[in-house]
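Working notes, structure below.
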């Protein structure tokens, strides 16, 4: 009886330890304690780890961070940049229909797919250049994206609805000057980069208006005068931001530095900037930093190994770890579960 009580006391202790932050397995008198991440990769019934959507060799995947690929959601096409809806059940992506050595000359289609691979439907007709879709966070689950203006070379921010047909999309910004949508806020504002005709170039919080003439409020950030912000993502709490920075005024794809900073939506400021990847600006493709695990970590891709690979940077200890599992595959465009950029 004493032996049994001791065993029960020990198991109760292990149960408490597991609840605190570890995975515990008791089998044949052997106690194995592993980290929560290892537990997620282990026994059936263990809590599922954080999931991301991403591109791998032209196909869209949904997977736990750090786990080998399973069955892709799309095959037989070149599908890019999945963005996960706030409701957690859909991805919006773009599909390249016509290739070109110059990326902005591609022809592409915006489409939505359920995260289980069902429900594919198009939102644009594929005759134009439609890039980098995401979702609003205002509860309406509205897909938005950036469309090239063939007359000016700039971009127009477009909007549609889940279930819409191609041709039902509407323009949120004027065609006469460039706008690029990065990320959204729960109050409906959209973070955009714009070449506004009267306010000048910069980063703005844009409020949509029924008359087609949106309101722009400038965002202050210390690197604005020195270079460009690209592919920014506001955290789920809307207190932090991550983005790509490129010095100067000329755009090149390699050479971006990845930053995190504090974001204040009311004061419209970005402060306390910290470079966490490619601080030296090496001519390597570092891109698409996106929030995962709330604000605990950022996932991104880099071609430093010669192939696109996925990495996770953790804010608490400043560590970086490669999480893609196939060094011979090409990984890009990671995106956190139910966290529109």
Handout entry: The one condition in (1) touching a strand residue (DSSP E or B) at 6+ places or on another chain (Cβ under 6 Å); (2) touching a residue at least 60 places away in the same chain (Cβ under 8 Å) that residue 218 fails to fulfil
Key = (2)
Practice task
Only residues in segment 172-184 that are touching a residue at least 60 places away in the same chain (Cβ under 8 Å) count as the first member; pair them with residues that are in a loop (DSSP other than H, G, I, E, B) and buried (at least 21 other Cβ atoms within 10 Å of the Cβ), Cβ under 6 angstrom, at least 6 apart or cross-chain, and list the lot.
Solution key: 183/341; 184/136; 184/137
Problem - So residue 281, is it in contact (Cβ under 8 Å) with a residue 12 or more places away in the chain, surrounded by fewer than 22 Cβ atoms within 10 Å (Cβ to Cβ) and either under 21 Å from residue 227 (Cα atoms) or outside the structural domain of residue 72 (by TED's automatic domain parsing) (or both) - result: yes
Practice task
Test residue 315 against the criterion of being farther than 18 Å from residue 134 by Cβ and touching a strand residue (DSSP E or B) at 6+ places or on another chain (Cβ under 6 Å), and give yes or no.
Solution key: no
Exercise for the section: For segment 309-319, state whether one or more residues are closer than 24 Å to residue 247 by Cβ, at pLDDT 95 or above, in a strand (DSSP E or B) and under 16 Å from the mean Cα position of the chain (by Cα). Expected result: yes
Completion exercise
Turns out the strands (runs of 3 or more DSSP E) fully within segment 19-115 with at least 2 residues that are at pLDDT 95 or above and touching a strand residue (DSSP E or B) at 6+ places or on another chain (Cβ under 8 Å) are 51-56, 59-64, 78-84, 90-98, 107-114
Exercise for the section: Looking only at segment 297-320, count how many residues are exposed (fewer than 13 other Cβ atoms within 10 Å of the Cβ) and touching a residue at least 12 places away in the same chain (Cβ under 8 Å). Expected result: 3
Practice task
Return the only residue of 132, 105 being under 24 Å from residue 287 (Cβ atoms) and surrounded by fewer than 17 Cβ atoms within 10 Å (Cβ to Cβ).
Solution key: 105
Exercise for the section: Give just the number: which of (1) more than 19 Å from the chain's Cα centre (by Cα); (2) at pLDDT 95 or above does residue 250 not satisfy? Expected result: (2)
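Residue by residue, here is whether (1) buried (at least 21 other Cβ atoms within 10 Å of the Cβ); (2) free of Cβ contacts under 8 Å to residues at least 60 places away in the same chain; (3) closer than 26 Å to residue 330 by Cβ; (4) in the same structural domain as residue 182 (by TED's automatic domain parsing) holds:
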site: 81; (1), (2), (3), (4): yes, no, yes, yes
site: 86; (1), (2), (3), (4): no, no, no, yes
site: 94; (1), (2), (3), (4): yes, yes, yes, yes
site: 99; (1), (2), (3), (4): no, yes, yes, yes
site: 127; (1), (2), (3), (4): no, yes, no, yes
site: 136; (1), (2), (3), (4): yes, no, no, yes
site: 150; (1), (2), (3), (4): no, yes, no, yes
site: 156; (1), (2), (3), (4): yes, yes, no, yes
site: 164; (1), (2), (3), (4): no, yes, no, yes
Exercise for the section: Among the residues of segment 245-272, write down those that are surrounded by fewer than 17 Cβ atoms within 10 Å (Cβ to Cβ) and in a strand (DSSP E or B). Expected result: 247, 262, 264, 269, 271, 272
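The values are calculated or read from the model by the stated rules, or taken from the named source; none is laboratory data. The shown structure was predicted, so the numbers you read here are calculated from the model rather than taken from an experiment. Methodologically, a virtual Cβ is constructed for each residue, glycine included, from the backbone with ideal geometry; neighbour enumeration extends over all protein chains shown.
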